[in-house]
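The structure appears below as structure tokens.
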Amino acid sequence: MSGGTDYEVRPCERCGGRTGRQFKERVGIGRPLSGPRSTLRRVSEDLALYEVIDRVAVVTLNRPERLNAWTPDLAVAYFDRLDEAVSDPLVGAIVVTGAGRGFCPGADMANLERVSSERGKGGGAGGPARPTTYPMSIPKLMVAAINGACAGLGLIQALFCDVRIAAAGAKFTTAFARRGLIAEQGVTWVLPRIVGTSIALDLLTSARVFTAEEAADLGVVNRVVPPDQVLAEALAYAQDVAANCSPASVAAIKGMVHRHTTMEFDAAYADSDRLRVQSLKGPDFKEGVSSYVEKRPPEFAPLGRGTILD
């Protein structure tokens, strides 16, 4: 694939042969797509688009006129798409991105003004039935393709993903302290675990703007790529995991990492040893070894039909 990447994004027969780059153009990151287009499943007036490309579900926050600013309705649509990806046995990983120029700049300010007014009158803000932290419960790999502005709740949603790939020049900020808010929605738990206490306090208390390049230096994102390659890079990464890693292993490892950060070492070790013994008895381990010895791609069972989580 041209553009300086070592990965190849393969066309998907289920998606009409469209590549990740073509899908990127479809949602407004690049020039318009010519030729046939497959029909996307639509919910909540298209607030979250969903498409499967080569075993990877691409979920696109779709309020480009507001840079995909967060609202309760967008949250419902987004979480519904995550549920769809989890329930699809053909999906091995998930990529989350934004339509147009932004990833998500945080809560929609018009919505915040309404919330502030209602609270002043004793009213409530309402919101989705599932918590904002819901993506942390998703057992499949989640990759954030951060194509533009990423702030506040948008940054938190990116942090809830497992891997973050950002477009060069994209701007980040925690924002909360400059809006008279506390560091909310679990960011004080997740951010220090990613970057450490000192850097987390810097970013949270100053709420300063920083670029994707500094985000990579600080560990907020895993890598930075040219803006026209961010979705293709995220797709290639996710496709590699979907094609070569056991879904049960990925789900188990995600759960272990989250649990073990709050456990004593001996307890964490015992937990991992229990899962190790369990995994050695099942078909995923046998398939992993056989495919390696036979020098062929592995054929792991879909999530829920392997050995670690069953």
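With the requirement that a residue be among the hydroxyl-bearing types (Ser, Thr, Tyr) and farther than 15 Å from Cys161 by Cα, what does the stretch 46-88 give you?
Tyr50, Thr71, Ser87 - these are the residues of the stretch 46-88 that are among the hydroxyl-bearing types (Ser, Thr, Tyr) and farther than 15 Å from Cys161 by Cα.
Filter the stretch 129-149 for residues that are part of a helix (DSSP H, G or I) and surrounded by fewer than 19 Cβ atoms within 10 Å (Cβ to Cβ) and give the result. I'd like the intermediate steps shown before the answer.
Within the stretch 129-149, the subset part of a helix (DSSP H, G or I) is 134-137.
Within the stretch 129-149, Tyr134, Met136, Ser137 qualify.
Does Glu213 count as under 26 Å from Leu155 (Cβ atoms), touching a residue at least 24 places away in the same chain (Cβ under 8 Å) and loosely packed, with under 15 Cβ neighbours inside 10 Å? Write out each step before concluding.
Details: under 26 Å from Leu155 (Cβ atoms): yes; touching a residue at least 24 places away in the same chain (Cβ under 8 Å): yes; loosely packed, with under 15 Cβ neighbours inside 10 Å: yes.
Yes.
In the stretch 270-303, which residue that is part of a loop (DSSP other than H, G, I, E, B) and free of Cβ contacts under 8 Å to residues at least 40 places away in the same chain is nearest to Glu84 (Cα to Cα)? Can you show your working first?
Going through the stretch 270-303, the residues part of a loop (DSSP other than H, G, I, E, B) turn out to be 281-282, 295-303.
Next, only the ones that are free of Cβ contacts under 8 Å to residues at least 40 places away in the same chain stay: 281-282, 295-296, 299.
On the way: Lys281: 30, Gly282: 27, Lys295: 33, Arg296: 30, Glu299: 22 Å.
Checked the stretch 270-303; the qualifying residue nearest to Glu84 (Cα to Cα) is Glu299.
Out of (1) surrounded by 20 or more Cβ atoms within 10 Å (Cβ to Cβ); (2) touching a residue at least 60 places away in the same chain (Cβ under 8 Å), what's the single condition that is false for Leu191?
Leu191 satisfies every listed condition except (2).
Based on what the data block shows, is Leu280 hydrophobic (A, V, I, L, M, F, W, C) and in contact with a helix residue (DSSP H, G or I) (Cβ under 7 Å, 6 or more places away or on another chain)?
Working: hydrophobic (A, V, I, L, M, F, W, C): yes; in contact with a helix residue (DSSP H, G or I) (Cβ under 7 Å, 6 or more places away or on another chain): no.
So Leu280 does not fit the description; no.
Considering each of Glu113, Glu45, Glu65 in turn, give the residue that is exposed (fewer than 14 other Cβ atoms within 10 Å of the Cβ), over 21 Å from the mean Cα position of the chain (by Cα) and at pLDDT 90 or above.
Details: Glu113 fails: at pLDDT 90 or above; Glu45 fails: at pLDDT 90 or above.
When all the criteria are applied, what remains is Glu65.
Scan the stretch 255-308 residue by residue and report those that are in contact with a Leu (Cβ under 8 Å, 6 or more places away or on another chain) and either at pLDDT below 90 or surrounded by fewer than 15 Cβ atoms within 10 Å (Cβ to Cβ) (or both). Steps first, please.
Narrowing the stretch 255-308 to residues in contact with a Leu (Cβ under 8 Å, 6 or more places away or on another chain): 256, 302-303, 308.
Scanning the stretch 255-308 gives Pro302, Leu303, Ile308.
Among the candidates Leu218, Leu235, Leu231, which residue alone is touching a Ser or Thr at 6+ places or on another chain (Cβ under 6 Å), of a type outside the set (Asp, Glu) and at pLDDT 90 or above? Before you say what the answer is, go through the steps one by one.
Numbers: Leu218 fails: touching a Ser or Thr at 6+ places or on another chain (Cβ under 6 Å); Leu235 fails: touching a Ser or Thr at 6+ places or on another chain (Cβ under 6 Å).
Residue meeting the stated conditions: Leu231.
Of all residues in the stretch 238-254 being among the polar types (S, T, N, Q) and modelled with pLDDT under 95, which is surrounded by the fewest Cβ atoms within 10 Å (Cβ to Cβ)?
We begin by selecting, within the stretch 238-254, every residue among the polar types (S, T, N, Q); these are 239, 244, 246, 249.
Add one more test, that the residue is modelled with pLDDT under 95, and what stays is 244, 246, 249.
Working: Asn244: 13, Ser246: 24, Ser249: 19.
Residue satisfying both the conditions and the ranking: Asn244.
From the list Ile165, Ile182, exactly one residue is in contact (Cβ under 8 Å) with a residue 24 or more places away in the chain, not assigned by TED's automatic domain parsing to the domain that holds Thr262 and not in a helix (DSSP H, G or I). Which is it? I'd like the intermediate steps shown before the answer.
Numbers: Ile182 fails: in contact (Cβ under 8 Å) with a residue 24 or more places away in the chain.
Matching residue, one of Ile165, Ile182: Ile165.
Looking only at the stretch 239-269, how many residues end up being in a helix (DSSP H, G or I) and either closer than 30 Å to Glu51 by Cβ or hydroxyl-bearing (Ser, Thr, Tyr) (or both)?
Within the stretch 239-269, the first condition is being in a helix (DSSP H, G or I), and the residues that meet it are 239-244, 247-260, 265-269.
From what's left, either closer than 30 Å to Glu51 by Cβ or hydroxyl-bearing (Ser, Thr, Tyr) (or both): 239-244, 247-255, 257-258, 269.
Residues that pass the stated criteria total 18.
The values are calculated or read from the model by the stated rules, or taken from the named source; none is laboratory data. Bear in mind the structure is a predicted one, so any value in this text is a computation, not a measurement. FYI the Cβ positions are ideal-geometry reconstructions off the backbone, even for glycines, and counts take in every protein chain you see.
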